[in-house]
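**Student:** Shown below is the structure under consideration.
Quick note: the coordinates plus some simple rules give every number you see, no bench work behind them. The shown structure was predicted, so the numbers you read here are calculated from the model rather than taken from an experiment. Every residue, glycine as well, gets a Cβ built from its backbone with ideal geometry; the counts of neighbours run over all protein chains shown.
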Amino acid sequence: MTIATISPRQLYQLLELSKNVDVIDVRTPVEYREAHIAAARNVPLDKVDPQAIMQARNGNANEPVYIMCRSGSRANQACQKFLAAGYENIVNVAGGIQAWSESGLEVVRGKKAISLERQVRIAAGSLVLLGAILAQLVHPYFIGLSAFVGAGLVFAGVTDTCGMGMLLAKMPWNQVQDEEGSCCTR
């Protein structure tokens, strides 16, 4: 089954007509805090539980759920989770918050953060460089570190699933702390 999509402008028009539009942003809490649309609630991709989300909708199970992320990839993965759980009225917001912003639509801005995508590039590049340096200076077997990271990047590109990104999303600097110091997602 194909996943329905909607443009940011079309979603904006729906939000103008009704305040009961269910928008879920599946980015990390830090990414959400940096910029999000006012109507969206944050449920990070690794915490998406389709059944729990649908049960919490208070009788709105027949209304569509609009899923967004940074550019569309994680939203697509979340949509797949909903479809696998038997929920079909799921809509991916094409282009995510990037397309929303580029369309000139209003976003709620908070504290700036390094995007998860940039964090992955920094970590992967650092590990490849470290492997190459260690292979040259310590032992040739350290080239395996660079090969492992390279294979992981190929796998991420082919499957559109990034293990390093999922790991980095769980790091403390990618969590939002409330006043009591416990992690929250708003």
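**Student:** Filter the range 101-118 down to residues that are loosely packed, with under 11 Cβ neighbours inside 10 Å and part of a loop (DSSP other than H, G, I, E, B), then give me how many there are.
**Tutor:** Within the range 101-118, residues that are loosely packed, with under 11 Cβ neighbours inside 10 Å and part of a loop (DSSP other than H, G, I, E, B) number 4.
**Student:** Scan the range 44-64 and give yes if some residue there is in contact (Cβ under 8 Å) with a residue 40 or more places away in the chain, within 28 Å of GLY152 (Cα to Cα) and among the β-branched types (Val, Ile, Thr), otherwise no.
**Tutor:** no
**Student:** OK, next. Hey, could you check the range 1-34 for residues that are assigned to a helix (DSSP H, G or I) and among the hydrophobic types (A, V, I, L, M, F, W, C) and say which is farthest from ALA99 (Cα to Cα)?
**Tutor:** Restricting to residues being assigned to a helix (DSSP H, G or I) and among the hydrophobic types (A, V, I, L, M, F, W, C), the top hit is LEU17.
**Student:** Just checking, does the range 45-52 include any residue being over 18 Å from the mean Cα position of the chain (by Cα), of a type in the set (A, V, I, L, M, F, W, C) and at negative phi?
**Tutor:** Filtering the range 45-52 down to residues over 18 Å from the mean Cα position of the chain (by Cα) leaves 51-52.
Adding the requirement that they be of a type in the set (A, V, I, L, M, F, W, C) leaves 52.
Remaining after also requiring at negative phi: 52.
So far as the range 45-52 goes, yes, one or more of its residues are over 18 Å from the mean Cα position of the chain (by Cα), of a type in the set (A, V, I, L, M, F, W, C) and at negative phi.
**Student:** What's the number of the condition GLY110 fails, among (1) out of contact with any Lys or Arg (no Cβ under 8 Å at 6 or more places or on another chain); (2) closer than 22 Å to LYS47 by Cβ?
**Tutor:** Status for GLY110: all satisfied but (1).
**Student:** Additional query: If you check GLY131, GLY86, GLY95, GLY125, which single one turns out to be surrounded by 13 or more Cβ atoms within 10 Å (Cβ to Cβ), free of Cβ contacts under 8 Å to residues at least 60 places away in the same chain and among the small types (Gly, Ala, Ser)?
**Tutor:** Numbers: GLY86 fails: surrounded by 13 or more Cβ atoms within 10 Å (Cβ to Cβ); GLY95 fails: free of Cβ contacts under 8 Å to residues at least 60 places away in the same chain; GLY125 fails: surrounded by 13 or more Cβ atoms within 10 Å (Cβ to Cβ).
Unique residue meeting the criteria: GLY131.
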